[in-house]
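Input: a single structure, listed below in structure tokens.
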Amino acid sequence: HFIDYVALQLMAKDVAIAIGPQSSGIAHIISNVVNELHVPLLSLATDPSLSSLQYPFFLRTIQSDYFQMYAIADLIEHYGWRDVIAIFVDDDYGRNGISVLGDALAKKRAKISYKAAFPPGAPRNDINNLLVNVNLMESRVYIVHVNPDSGLTVFSVAKSLGMISNGYVWIATDWLPSVLDGSGHVLPGTMDLLQGVLALRHHTADSVQKHDFKSRWKGLKYVGNSSINSYAFYAYDSVWLAAHALDRFFNQAGNLTFSQNPVTNRSTLNLSSLRIFQGGQQFLKVLLGMKYMGMSGEMQFDSERNLIHPAFDILNIVGTGSNKIGYWSNYSGLSVVAPEILYMKPPNKSSSSQQLSGAIWPGQVSSIPRGWVFPNNGKPLQIAVPKRVSYKEFVSEDKDPPGVQGFCVDVFEAAVKLLPYAVPHNYVLYGDGIRNPNFDDLVYDVANSKFDAAVGDVTIVTNRTRIVDFTQPYMESGLVVVAPVRKVKSSALGFSQTLYARDVDCYWSFLLLVGAAVWILEHRINTEFRGPPSQHLSQYSG
């Protein structure tokens, strides 16, 4: 609240442009103020709900969490996981980011199976209780979207509970690289908490200008042990963006003039002491039209007022540092090639082009974790089985002992026995037993988690594959024609029995026409074509 008060006090002065804040919560408050005063706000807040529709004077000079969550969804799909658990701080930044993640995963036919939220500033004991409950669940893929002040506590508690070990997957959003990159020297104890963690970092293009700036930064005496992270590059570019925009604004005959704010009944804020920037709309258009190459890359806004070319580095924390195992961009998805190179090629998001280098996972293993276990407090899988009234050899009800039987059930049981772990399951008959069940309804119920899976002679068709996954087919009929078998008497003219009457008439007419044509052409010069008509017919038919 003190920061909010200071920000409002600052806005009481004649302000043409504001830079900051990074906090999404404070950005919501300041955005309401700058809307009333027509003052453009350049902010590093990543909350995707801070949109240009609600806040027309809000300009984000860093990539939105909207793109970061879609990058995580592509990661989940790439590694073949289906369920994740979201661990997040319960504020605007955390809730809105995880909401976008849920939408992004749904498009990949994955989901957030549990949302584990804790309030800002939660004590260690509350985080411990939260993770104890999380550890009892099936999913072992955790997305950590928290504030820097509580993020390392989450990993410290997880380490003490044995959750940074083989079989677990931890993916942290950009808060983690910003903490590690900005700390300069990270203690070995801190790095030990993070072994095998994947993290996303806002991508900044490599350039000579960037390396020179980092060298100059290290030479400054007052910076101490602090280093520079991706947020610092975007903040630096934001200041220069404001400077270049002001220069262009003045060159277009813009003036810094202000007028008293007319307090209206529709205003929810007490802004009577603040003054409106008269050239705000004109200056906003100048900012939206800016284009220049900064430390972080190209600074330019698209039609939705986001920075163009959203991209993230994908890091794997190992040892005392991190390995960059690839990149994500909105242009081409996952790649081991830097986005700047891909921008010069046609976009390609095909599944075969999605690549990452190998990662080291918690427990120092290189094989991709399965991402789930049978929960300690879980129930057996509920397997739907169609209660058929025909073709019972495939699957049917078994009354002695009660259960199910059939070829499909035998295949499923044989496959389960090959797994290196137990799969407790119950069969549930689907249908009334009077008529065969509707298989589209069965597939739909599996897709909506009414059942965990289905076993039966379910045909693989396109509309079903869009909502559920099928095994490889273990029966294949190919293209066949089913016809009754009959004994047919054979004769020289037997072929004519398969023809229609008009086809037979046409055949004989064509035969006579050809014979007449041959006779007309040959009878004058060929002695074989002379004599009575009966002789000619017998010769022709022969």
Accessible area of T257 in the full protein assembly, 1.4 Å probe (Å², nearest 10): 70
Charge tally in the Cβ shell below 9 Å around L50, where Lys, Arg are +1 and Asp, Glu are -1, L50 excluded: -1
If unit charges are put on Cβ atoms (+1 for Lys and Arg, -1 for Asp and Glu) and the dipole of the chain is taken about its Cα centre, the option from H78, V423, S367 lying farthest towards the positive end turns out to be H78
Using alpha carbons only, how many degrees (0 to 90, rounded to 10) separate the axis of helix 407-417 from the longest principal axis of the chain? 40
What dipole magnitude, in Debye to the nearest 20, does the chain give about its Cα centre under +1 on Lys/Arg Cβ and -1 on Asp/Glu Cβ? 500
Mind pulling the angle between the C-alpha long axis of helix 208-219 and the longest principal axis of the chain? Nearest 10 degrees, somewhere in 0 to 90. 40
Roughly what % of DSSP beta bridges within the chain run antiparallel, to the nearest 5? 50
Rank S396, S51 by accessible area, highest first, at a 1.4 Å probe radius? S51, S396
If the reach is capped at under 24 angstrom between alpha carbons, list the lysines near K345, excluding any in the same chain fewer than eight residues apart. K291, K324
How much accessible surface area, in Å² rounded to 10, belongs to the heavy atoms of I228 with a 1.4 Å probe? 20
Students sometimes get this wrong: rank E476, E298 by accessible area, probe 1.4 Å, all chains present, largest first. E476, E298
Viscosity 1.567 mPa s, temperature 4 °C, Stokes-Einstein D of region 83-133 from Kirkwood C-alpha radius, µm²/s: 112
Within the set of other residues whose C-beta is less than 12 Å from the C-beta of P40, count the net charge using Lys and Arg as +1 and Asp and Glu as -1. +3
Rounded to the nearest 10 Å², the accessible area of R109 at probe 1.4 Å: 90
Which of D92, D452 is most accessible, then next, and so on - probe 1.4 Å: D452, D92
Local charge sum around K285 (other residues, Cβ-Cβ under 12 Å, Lys/Arg +1, Asp/Glu -1)? +2
Alpha-carbon Rg/Rh ratio, for the chain, with Rh computed the Kirkwood way: 1.23
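The values are calculated or read from the model by the stated rules, or taken from the named source; none is laboratory data. Since the structure is predicted, the reported quantities are computational estimates derived from the model, not experimental observations. For neighbour counting, all protein chains shown are included, and Cβ atoms are generated from backbone atoms with ideal geometry for every residue, glycine included. Ligands, DNA and RNA are stripped out before the accessible areas are found, and what is left, the full protein with its side chains, is counted by its heavy atoms. Shrake-Rupley method; radii C 1.70, N 1.55, O 1.52, S 1.80 Å.
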